Each structure stands twice: as C-alpha cells, then as structure tokens.
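Rule-based calculations on the coordinates, nothing more; no lab input. No experiment lies behind these values; they were computed from the predicted model shown. All Cβ positions, glycine included, derive from the backbone under ideal geometry; neighbour counts span all protein chains shown.
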Amino acid sequence: MADFENIQIDRRPLWAVLISKVWRTALFLCVFAGLVWVLRHNPPAGWTPVSFKAFSIFCFIVFLWATGLIPPPIASVFAIVLLPMAGVITSKEAFALFGSESVFFVLGALILSAAIYMSGLARRLALLLLKAFADTPRRLVTVVFLFCALASFFMLGNGVAAVILPIVLSIITELKLERIHPNIPRAVVTAMWWGTSIGSIATVLGGARTILTLAILEQVTGKFVGFPGWSLHVLPISVALIAVALWILHRHFALPETSLEALRPFLQNRLIQIGRMRAAERFTALVLVLTILAWVTLGRRYGMAAVALSSIVAFFVFRIFNWEEVEGYVNWGVILMYGGAVTLGVALVQSGAAAKMTDLLGAHIPASGVLFLTALFAVVQLFTQTMSASATVAIFLPVALSLAPATGVLPASCAFAVGAAAGLHLLLPAGGPNAALAYSTGYLKTGDLIRPVGLIFVSSVLIFAAVAGFWWPVLDAAR
Amino acid sequence: MREDGGKPETLSYRRLKLELLLYGIAVADERLSEKILPLPIEEIPVISRRVDLTFPDGTRVNAPLEDGSPYQLRLLRPGVAVLSGKGMSVEAKSILTSDFHQRRTSLGNPFSEIGQICGGYFFLPLAGDPAPAPADSPRPPAGLAGIAVQHDLREVHEVLKAAFDEGLVEVVKIAIHSPTAFDKPAVERLLPYLEMVKSNFKCMVSLSISPPKEFGLLSLLYARGVDVIFCDLFLVDEKRSALHLPARSHFSEEDIVETLSRLVGIFPRGTVLSKLILGWEPIEETERAAEHLLSIGVVPVLSLIPAGRDRLSNVVREAIFDFLLSLNLDLDRNLYSRWLHSHLHLISDSITPNDSLEIDMREKGASAWTDRILMARWSRRSLSSAWALRRYFKVIEGGPASDG
C-alpha cells in the first residue's frame with residue numbers, strides 16, 4: 001500500500017500552485033529565447049563571433065547552475081550540446097573530454113568514498129571514540145567535532161554527517177541532554193555541521209567538488225595536482241580552522257562541566273548491537289590506507305585514476321560489495337557536472353572569450369596576488385552558501401584561471417582557493433547537505449548563530465590569507 | 001416529451017424525475033418485469049425493485065417500482081422504453097431493458113453480483129466487513145444478500161468494460177461499507193480496484209466512505225485518483241438515526257461533519273457530497289442540514305426513503321414534493337460554477353442542488369444552450385480533465401504527513 005504519510009496536498013489556491021509549478025519552466029524558456037536571440041546577432045565591438053557565443057553560453061549555463069532551474073548536471077549536459085550547435089567547438093571535441101583520466105579519477109574517488117560509508121567502519125569509529133573520550137558535554141562536542149573533521153579527510157563530508165547524525169540524535173534524546181543544558185544539543189549538531197565541512201576540504205576525498213576542481217585545472221591548464229599536492233596546500237587551512245572553530249564552539253555555547261555518566265553504557269549497548277568488526281570493515285580500512293599510500297608514492301607515475309580504480313577492483317574481486325549497492329551511493333551527477341564544466345572552460349579558452357574577460361576584469365582585480373586569491377576565496381565562500389559546491393566551482397574556476405596570469409598567481413593557487421572555499425558551508429542552512437541536516441534536527445535557529453557564523457567566516461578568510469601569503473610561496477619555492 | 005395528443009412540451013424532465021422518485025413507476029407487463037429485474041420479482045427485496053431511465057435531455061432517474069403509480073412503463077425495443085401517464089408519454093433509454101444484468105462473467109458469476117448500473121453510475125461494492133449495504137443503495141450487492149464479495153480484478157474489469165460499452169456509465173462508484181471507521185486495511189482493499197479503474201477506463205471515480213481513523217488517508221484517496229467522494233450524514237437526529245440506521249451508531253454527526261470539512265480542504269469544489277434522507281425526520285431539519293452542508297462547501301444530495309421499506313403516506317409525499325419544488329439550495333449560478341457541478345446530473349436516485357437549481361432556472365427561462373452545454377458528455381469530460389490537472393498540481397508525493 002502506498003504510504004499515506006508521504007502524501008501532502010498543496011492547500012494554496014490553484015493559481016498560486018500553478019505559478020509556483022510553471023515559473024521555472026517559463027523563466028527557463030524566456031532566458032533560453034534570450035540566448036538564441038543573442039547568438040543570432042552580431043557581437044559587440046572587440047568580440048569575435050565565436051568568443052561572444054562562448055561567453056553567452058557560459059553566462060546562460062552559469063545562470064542555470066546558480067538558479068537550479070534545471071538540475072545542475074543536466075545544465076552541464078546542455079552546455080555540451082549548445083557549444084557545438086553554436087559552432088564554438090566541434091561535437092567531437094566536446095564529447096572527447098569525457099574520455100580523459102580525470103573522469104575516471106572522479107569515478108574512483110566517489111566509489112571509494114561510498115565503500116567507506118557502506119562498510120559501517122565510520123559508524124564504529126564514531127562510537128568507539130565517543131565511548132573513550134566523551135564524558136562531559138564539552139568533551140562530547142569536542143569528540144563529535146574532531147571525529148567529523150578527521151573522518152571527512154577520508155570520505156565525503158556529507159557521508160560523515162549522515163553517519164554521525166543518527167548517533168548524536170539518539171544520544172541527545174536518550175540522555176535528555178537538552179534538560180541538562182539547552183545549549184548541549186545545539187553545540188553538538190553545530191559541531192557535526194562545521195566539523196564535516198571544515199574537514200572535507202583537507203583532502204581530495206572530502207568532497208566531489210575537490211575532484212572536480214583538480215579535473216578542471218588539469219583540462220584547462222594541463223597542470224596536474226595530485227592527492228599530496230592538494231593536501232599540502234589546503235590541509236593547513238583546514239587544521240587551523242579546526243582549532244579556531246573548536247574555540248568558537250566552546251566559547252559561544254559555554255557548556256557546563258557536568259559528568260555524562262549514562263553516556264558510556266549507552267554507547268556500549270550500541271557497540272554490542274553492531275557486533276564485532278566485520279571483514280568488510282577491516283578490508284575497507286586496509287584498502288583505504290593502501291590507496292592513500294599509493295596516491296602519495298605512485299600517483300604521479302601511474303596516475304591518480306589508475307590507483308583509485310585498482311582499489312575499486314579489489315572491493316569487487318573480494319566480493320566485499322556488489323554493484324547494485326554501490327550504484328545507490330555514488331553521486332553520478334558529478335560526472336556530468338565535470339563534463340559540462342570542463343567543456344565550458346576549454347571553450348572559453350579556445351575561443352578567446354577567457355582572454356577577453358580578463359581584459360574586461362583586469363582593471364578591477366587587485367594587483368596583489370594574495371589579495372586577489374583572498375578576495376576570490378571570500379566571494380566563492382559566500383556564493384557556495386546558496387549554491388551547490390560543484391556548481392560554484394564550475395562557475396568560478398574557469399574565470400579565475402583566465403584571470404590568474406594577469407594577477408601573477410599560479411593557476412593551481414586559484415584552484416586551491418576556489419576548491420577550498422566551495423567546500424566551506426559554514427554560514428547558512430542552505431549551504432550544503434550537512435548544514436541542512438544540522439538544521440533539520442530543529443535545535444538550531446539562524447538568529448542564534450549570527451555571532452559564531454560571522455566569526456568563523458572572518459577567521460577562515462584570515463587563515464586563508466595567511467596560508468596563501470606565507471605557506472604557499474614556500475611550497476612553490478621548494479619545487 | 002409530448003402529451004398524448006402530440007402537444008408541445010409542458011413539463012420539465014427534472015420535475016418528472018421528482019415525480020417518479022416520489023410516486024414510482026408501475027410495470028404492468030410481466031415480460032418486462034422479467035426483462036428488467038435480475039430475479040423473479042418476489043425474490044427481490046422491495047427496496048431493490050427499481051428501474052433506471054435516461055430521458056432525451058440526459059436527465060437520469062432511478063425510480064422505484066410501485067403498482068399504484070400514475071406512470072406506466074412498457075418496452076418499445078431493446079434498450080428503449082416508453083413511459084406514459086398523466087396525459088403524456090416519453091421515450092427513455094433504460095439499461096435494464098438490455099440484458100446487462102442477466103449476463104455472466106467468464107468465471108460464471110452474474111454481472112449483477114459484481115455491480116450495478118444506476119444512472120450514469122456503476123456501483124461497485126467491495127467486501128470490507130459483514131455490514132449491510134446502506135439504506136440508499138440502488139440494490140443490495142452480492143446476490144441481494146447485502147454482503148459484498150471480493151471479486152477478482154479481471155472479473156470486475158470485464159463487467160466494467162461491458163458497462164461502459166452500454167454507453168450510459170460515466171462514473172464508477174466504489175463503496176466500502178465499514179460499520180467502524182474507514183481505516184488502512186479498507187484502503188488496502190480499495191487501492192487495487194481504484195488503480196485498475198483509473199488505468200483502464202477514462203471515467204470519473206466516486207467513493208463512498210465512513211469517517212476515517214486517520215485523516216491522512218483522505219489525502220491518499222485524492223492522490224490516488226478519487227474524483228468525487230461521499231461521506232453520508234443521512235439523518236441529523238441521533239435518535240432517529242439509531243432507530244433507522246443502527247449500523248451507523250459508531251459515528252456522531254460531529255465525526256461526519258469533521259470528515260466532510262477535511263475533505264473540502266482536499267477535493268475540488270463540488271466533489272464532496274453527503275446524502276440526506278428525506279422523509280424520516282421533519283423536512284425543516286433536513287433543509288437546515290442541507291444548508292449547513294452547503295455553507296461548509298459540501299454538496300447535499302437528498303435521497304428519498306426507498307419505496308416499500310417504509311412506505312410514505314401520500315400526505316408526506318405531497319409535502320416532500322412541494323418542498324423539493326421550492327428548494328433553493330444556494331449554489332452560485334454563474335456558468336463556471338454550474339460547470340463545476342455538472343457531474344451531479346449523473347446522480348439518478350437522489351435530488352441534488354443542481355436539480356433544484358435547474359427546476360428554478362427553467363421556470364425563470366434560463367437559456368437553453370447553456371443547459372445543453374452543461375448536460376453534454378463532453379462538458380463532464382472536460383471537467384474530469386480539469387480535476388486530473390488539479391490533482392497533478394496539488395499532490396505532493398514524499399512530503400510530510402498531511403493532517404488531511
């Protein structure tokens with residue numbers, strides 16, 4: 001029988017329902033008609049027909065990504081269709097970009113992350129850590145925060161949030177933490193939200209947008225950055241932010257030092273329920289460690305994708321998971337996002353539109369490279385609060401890469417700035433799935449978090465400026 | 001319609017419907033009795049001895065058979081009967097003069113056991129519990145025993161297809177007779193039939209329910225394709241209700257009105273209906289109840305006591321007839337509102353506000369062309385399409401629980 005709990009009747013007047021349902025289609029058609037009109041007319045002075053067409057299609061796709069009128073992966077596919085149709089690049093060129101190594105690296109990393117989630121390893125680790133260290137509300141918040149941050153180094157941050165949320169919610173309700181102090185549940189869910197967000201920028205495994213960032217960088221500039229390259233640049237930002245965020249959490253929520261005596265038996269019961277460590281968990285842990293080692297030592301020689309795919313093959317050779325299980329956990333849309341974003345980036349460069357954009361923006365961008373990168377980091381972080389992280393990367397990175405030569409910064413630095421900022425969903429409930437999960441608990445209200453959110457945003461920008469200004473030049477000099 | 005001498009029309013079909021519902025139809029010809037009734041007449045409860053007619057303007061009536069009626073029926077040819085009396089005669093289509101109810105399914109069950117045609121409705125009673133059918137049902141289902149049987153879906157499909165081939169049916173009315181509240185198991189029994197009808201036939205689906213245990217079920221019914229819904233009040237007076245309808249003692253008037261209010265919030269205007277029985281309580285009380293139902297957006301449907309069950313005296317009949325003629329239930333009279341309620345023309349065994357409205361408008365000389373538009377089948381088809389479109393826009397699957 002259909003589940004009637006899942007059916008809702010829209011009680012608004014029918015005209016209001018109609019408008020709410022058709023406005024997206026109507027707006028899409030209007031904007032698309034505008035694009036067709038623009039494509040059929042002569043370009044403004046200074047633009048070649050091809051570069052102006054590329055720029056117009058870029059603006060149109062950016063509009064689709066930003067508004068979500070159609071799902072971002074589908075908007076990306078539309079870009080791959082529009083560019084050959086408008087004569088910017090050939091159809092063969094557009095689709096050939098899907099055949100690159102980067103696509104398979106994206107695929108491998110996503111499946112690896114799904115495997116960690118499915119194995120139950122993350123849940124077991126969370127329970128063990130909480131049982132060992134969380135004996136007061138302050139320590140509970142610290143353990144939840146640190147676990148979320150560290151686990152997000154190795155699997156998707158949103159996946160970590162999905163693992164930890166049921167555990168923290170059951171702790172909050174079973175131990176009646178709200179009665180002990182109303183701030184405890186708020187602090188715990190904020191710790192989960194911020195921890196997964198900050199931790200997920202540290203490595204390429206933390207979020208699909210990081211993989212997308214590196215893939216666009218490689219396709220547009222030919223510059224390869226692997227697992228160690230990314231982490232060497234961004235891990236210091238993540239670590240510093242972890243320390244600052246933990247300080248803000250404790251200071252803002254002012255938690256009591258009450259003992260949580262009932263927590264340990266409660267967690268012990270949960271551990272008994274999930275039983276001994278299964279073979280799948282052990283195998284997953286082993287494969288994860290070996291994969292990271294291989295990325296660090298063999299990544300440049302054999303390619304990141306080959307390493308990732310070898311690990312995936314191992315899971316299936318030893319029948320740890322079946323394909324149907326994996327299918328459900330992988331965000332396949334990211335592959336399409338990647339295709340569209342890379343195609344657009346290449347089209348902008350090849351057509352000369354990127355150079356033209358650089359000319360136009362050149363007068364307005366900061367002369368200092370660090371200032372430019374910091375401004376880029378801040379702007380991208382603000383945008384990612386209301387847009388999907390992948391869409392934010394797809395919009396900002398091609399433009400930033402085209403501006404890089406004018407500002408004297410390395411293209412890879414632009415990629416680090418955009419990729420890291422796009423993952424920091426620290427400000428608004430709409431920021432990302434982990435923020436939405438935290439708000440869905442009902443313990444958080446936007447108004448209560450204005451001060452800590454403001455503090456963490458300013459801190460993140462300052463930390464980024466310090467790392468980009470002092471640490472990145474050291475790394476660049478060491479090459 | 002013509003008088004015997006071939007004079008022009010003097011009486012409206014709607015008024016004739018009132019008269020036939022109140023005074024019944026006499027069938028002198030025994031062969032016709034055999035033809036129109038599924039069993040020998042002495043084996044049929046008096047309550048179920050009824051005949052179904054469709055007049056040339058589309059007005060439908062399901063009238064009781066009464067020996068002393070001033071109106072007589074005779075068979076003209078298969079599918080067509082002639083009604084005469086009070087100095088006039090009129091040809092009417094009658095499903096009961098075809099062999100529909102005598103036919104059997106491929107599994108050997110009589111069509112009449114699966115369901116019956118009544119006006120533009122096909123009544124499909126579903127097994128739910130051993131409760132007797134409501135007093136106003138056109139006929140007791142399942143071999144006249146009053147207990148519905150859960151029929152095979154293919155068999156129901158076969159009968160429905162034959163019913164639609166007869167050309168008169170436009171609505172499938174499903175009824176689950178629950179003496180206790182309408183609940184999840186009842187919906188589980190209902191849904192396969194509902195889905196079968198919606199996916200195989202282009203028709204409206206009507207459902208008769210009792211107050212539910214959980215109001216969320218009402219949203220589910222709408223979402224799954226129920227177009228018109230009945231939750232019958234029948235009688236306002238609780239003592240009379242307990243006396244005449246003991247099976248309904250589980251529900252109070254408040255339960256039913258609460259359900260109706262919830263339904264009005266979910267279903268389109270003009271599709272939440274509630275039957276009131278005329279003649280078992282003072283007419284003023286029925287009128288007040290009807291006006292109250294209208295005020296909360298529910299369409300009252302006035303049903304006459306089935307003939308023979310508790311025969312009305314002529315004095316009472318005269319009083320009801322006068323009442324129905326003067327009935328002015330306050331529906332909007334603009335064309336749009338009348339279109340929204342045009343499906344009520346398909347109800348043949350009761351009086352709807354549309355009938356009283358039509359009588360009134362005809363006497364005030366309303367234009368004939370709007371009348372023809374609203375009686376046309378395509379008008380109701382367009383209404384049904386509008387309902388489907390509304391459902392498409394209004395139903396949100398996967399949302400939080402609705403309180404109905």
Could you give the angle, 0 to 90 degrees to the nearest 10, between helix A:49-67's Cα long axis and the longest principal axis of the Cα atoms of chain A?
20 degrees
How much mean residue ellipticity at 222 nm does chain A get from its helices, if each DSSP H run of length 4 or more adds -39500 (n - 2.57) and you divide by all residues, to the nearest 500 deg cm²/dmol?
-24500 deg cm²/dmol
Rounded to whole Å, give me the distance from the Cα center of segment B:194-257 to that of segment A:420-479.
55 Å
Amide H contacts under 5 Å for B:F182, restricted to residues at least 5 apart in sequence or on another chain and with H modeled in the peptide plane, are B:S210, B:K213
When the Karplus curve 6.51 cos²θ - 1.76 cosθ + 1.60 is applied with θ = phi - 60°, which whole-Hz ³J(HN,Hα) does each residue of segment A:194-201 get, with x for Gly and Pro?
5, x, 5, 5, 5, x, 6, 8
For the protein assembly as shown, fraction of C-alpha pairs farther apart than 44 Å, in %
50 percent
Under a Cβ-Cβ cut-off of 12 Å, what is the net charge of the residues other than B:T105 that fall near it, where Lys and Arg count +1 and Asp and Glu count -1?
0
Residues of A:16-22, mean number of Cβ from any other protein chain within 10 Å of their own Cβ, rounded to a whole number?
2
List, in the order given, every pair from A:K21/A:K223; A:K92/A:K223; A:K445/B:K394; B:K161/B:K239; B:K86/B:K275; B:K86/B:K161 whose Cα-Cα distance in the structure shown is over 32 Å.
A:K21/A:K223; B:K161/B:K239; B:K86/B:K161
For B:F182, A:F147, A:F283, what's the fewest-to-most ordering of other Cβ within 10 Å of each Cβ?
A:F283, B:F182, A:F147
Just how far, in whole angstrom, is segment A:171-206 from segment A:238-259 if you go by their alpha carbon centroids?
11 Å
Looking only at the protein assembly as shown, where both bridge partners belong to it, what percent of the DSSP beta bridges are antiparallel (to the nearest 5)?
50 percent
For helix A:227-253, report the angle its Cα long axis makes with the longest principal axis of the Cα atoms of chain A; keep it between 0 and 90° and round to the nearest 10°.
50 degrees
Orientation-averaged projected area, Cα convex hull of segment A:29-148 (nm²):
12.3 nm²
Sorted from fewest to most neighbouring beta carbons within 10 Å, what does the list A:M357, A:M337, A:M387 look like?
A:M357, A:M387, A:M337
Ranked by Cβ crowding within 10 angstrom, fewest neighbours first, how are B:K93, B:K202 ordered?
B:K202, B:K93
0 to 90° range, to nearest 10: angle between helix A:208-221 axis and chain A longest Cα axis
30 degrees
Output needed: percent of Cα pairs per 10 Å distance bin for segment A:113-194, bins running from 0 to the one holding the longest distance.
19, 56, 22, 3
With +1 on each Lys and Arg Cβ and -1 on each Asp and Glu Cβ, how big is the dipole of the protein assembly as shown about its Cα centre, in debye rounded to the nearest 20?
3240 debye
Rg/Rh of chain A (Cα atoms, Kirkwood Rh), to two decimals, equals 0.99
Determine how many Å³ per residue the convex hull of the Cα atoms of segment A:322-375 encloses.
127 Å³
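Please state, as a whole number in µm²/s, the translational diffusion coefficient that the Stokes-Einstein equation yields for segment A:327-478 at 25 °C and 0.890 mPa s, with Rh defined as the Kirkwood radius across alpha carbon pairs.
Taking Rh from Cα pairs, D becomes 146 µm²/s.
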Dmax and Rg, reported as Rg then Dmax, of segment A:101-329 (C-alpha, Å):
18.7, 57
